[in-house]
């Protein structure tokens, strides 16, 4: 908690936010937004929330930026100048934003100071989580134990939301057989080198992919003892396939992990999560009460069984997140046609 | 100065929220609107994580969790509040999934109307 660093990063963040909505070129806006996410990632680390930083790095700065670039690539890059004259709307928007801001500013005065150890948020349930996690679950990373055990319901439905989002993207964009829409716009928005085989990029990506995947597996498996877990590992795993899709083409990615496999894996991930909950139920405990798993796992006490149960659902989350990230990218990059990609 | 430091995070979250809200209302381009929405989301995350920060505390991973010091008494004041981190961690991943949906809808709109400018889309909607 170094306040000088905090002030500096927050200042840079505001500059990036303003720049990304002011700049006229949408590709630049996407890249600046990636930088903004990366600064956010530094800010989280500075405030001691390493797990959030670890999530922000591959998700916000990595995959999110790629999604933006894919969408801009498939539509148009430039903001039209013609519509700059709508001053009335701009003024209204500014007024609305300022009124909301003013209202919130008056509330800021009553907040407990930043990093105050006695703030109400740090008083009640969080002290229980911090002091009991080793005793209850034998998991040193408190974020993992709260995520996967104490608040397992939350996370299960978050995973379901991600799965639903993946299905929604497929439903909105997917076109079988590549038949053109009514306004089938002529190709990408600007000249590209799409499909141009750049040997250096391809070679480096090819070498990088296995290490990325190995690292992702480490992140999933080691989420109990260090920052990381199912969400982060899943996104890194998905990013490795997306990297293949960018440096080669979509066909290469789809040969490794087909559309059908993607949807099935997304299903499987959520199913593993809910299935472990149901197994607990069948063993006579509450839904997602992993201590009941000690009856199935040899050599596990009720406490370590909770740790193993968490590992199980983290694997489910990782599979679901990976499949959905790849599926969203494939659909966005090819406009739902699954032909060439970026 | 003391006051400035202790409230600075909250002011910045309000500022980011205003930027995001302004972009969502006033920007004519749909991709810009989505960027505004993402800025708004991160503003909320800044707020939550700021409430979890604690002076003199370390990251929320118990030191020597399985070592000989495992029996040592764990004080809540030693570790940052983990609860906001959990909530925001899942929120970030969900936000990128919803971002995917938003961009998919944008691609769908572009497929149908051939533009991403709000006023041009409205013109085409009014006179098919």
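Taking the conditions exactly as written (touching a helix residue (DSSP H, G or I) at 6+ places or on another chain (Cβ under 7 Å) and either at positive phi or not in a helix (DSSP H, G or I) (or both)), does residue A:58 satisfy them or not? No; evaluated as a whole, the condition is false for this residue. Note on the range A:120-135: among residues that are surrounded by fewer than 18 Cβ atoms within 10 Å (Cβ to Cβ) and in a helix (DSSP H, G or I), the one that is farthest from the chain's Cα centre (by Cα) is A:135.
To keep it simple, each residue is scored yes or no on (1) more than 30 Å from residue B:123 (Cα to Cα); (2) more than 7 Å from chain A (Cβ to nearest Cβ).
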{"position": "B:13", "(1), (2)": "yes, yes"}
{"position": "B:40", "(1), (2)": "no, yes"}
{"position": "B:50", "(1), (2)": "yes, no"}
{"position": "B:91", "(1), (2)": "yes, yes"}
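Among the numbered conditions (1) more than 8 Å from chain B (Cβ to nearest Cβ); (2) at pLDDT below 90; (3) surrounded by fewer than 19 Cβ atoms within 10 Å (Cβ to Cβ), the only one that residue A:73 does not meet is (3). Criterion applied to A:40, A:1, A:12 was being in contact (Cβ under 8 Å) with a residue 24 or more places away in the chain, over 13 Å from the mean Cα position of the chain (by Cα) and assigned to a loop (DSSP other than H, G, I, E, B), and the one residue passing it is A:1.
Criterion applied to A:165, A:148 was being modelled with pLDDT of 90 or more and either outside the structural domain of residue A:261 (by TED's automatic domain parsing) or within 26 Å of the chain's Cα centre (by Cα) (or both), and the one residue passing it is A:165.
In the range B:57-70, the residues that are facing chain A (nearest Cβ under 8 Å) and loosely packed, with under 11 Cβ neighbours inside 10 Å form no Cβ pair under 8 Å with any partner that is assigned to a strand (DSSP E or B) and modelled with pLDDT of 60 or more, whether six or more places apart or across chains. Pull out all pairs, ordered by first then second residue, where Cβ-Cβ is under 8 Å, the residues are six or more apart or on different chains, the first lies in the range A:123-135 and is in the same structural domain as residue A:304 (by TED's automatic domain parsing) and at pLDDT below 85, and the second is in a helix (DSSP H, G or I) and buried (at least 21 other Cβ atoms within 10 Å of the Cβ). Between residues of the range A:123-135 that are in the same structural domain as residue A:304 (by TED's automatic domain parsing) and at pLDDT below 85 and residues that are in a helix (DSSP H, G or I) and buried (at least 21 other Cβ atoms within 10 Å of the Cβ), there is no close pair.
Inspect the range A:29-36 for any residue being within 7 Å of chain B (Cβ to nearest Cβ), surrounded by 17 or more Cβ atoms within 10 Å (Cβ to Cβ) and farther than 25 Å from residue B:81 by Cβ and give the result as yes or no. Yes - at least one qualifying residue is present in the range A:29-36.
Among the residues here, residue B:78 qualifies as closer than 19 Å to residue A:145 by Cα and either crowded, with 18+ Cβ neighbours inside 10 Å or more than 7 Å from chain A (Cβ to nearest Cβ) (or both).
If we scan the range A:312-322, do we find a residue that is at pLDDT below 90, surrounded by fewer than 24 Cβ atoms within 10 Å (Cβ to Cβ) and either touching a helix residue (DSSP H, G or I) at 6+ places or on another chain (Cβ under 9 Å) or part of a helix (DSSP H, G or I) (or both)? The answer is no; no qualifying residue exists. As an exercise: evaluate residue A:115 against (1) more than 29 Å from residue B:80 (Cα to Cα); (2) assigned to a loop (DSSP other than H, G, I, E, B); (3) in contact (Cβ under 8 Å) with a residue 12 or more places away in the chain and give the number of the one condition it does not meet. Every listed condition holds for residue A:115 apart from (1).
The values are calculated or read from the model by the stated rules, or taken from the named source; none is laboratory data. None of the values given here were measured: they were computed from a predicted structure. Every residue, glycine as well, gets a Cβ built from its backbone with ideal geometry; the counts of neighbours run over all protein chains shown.
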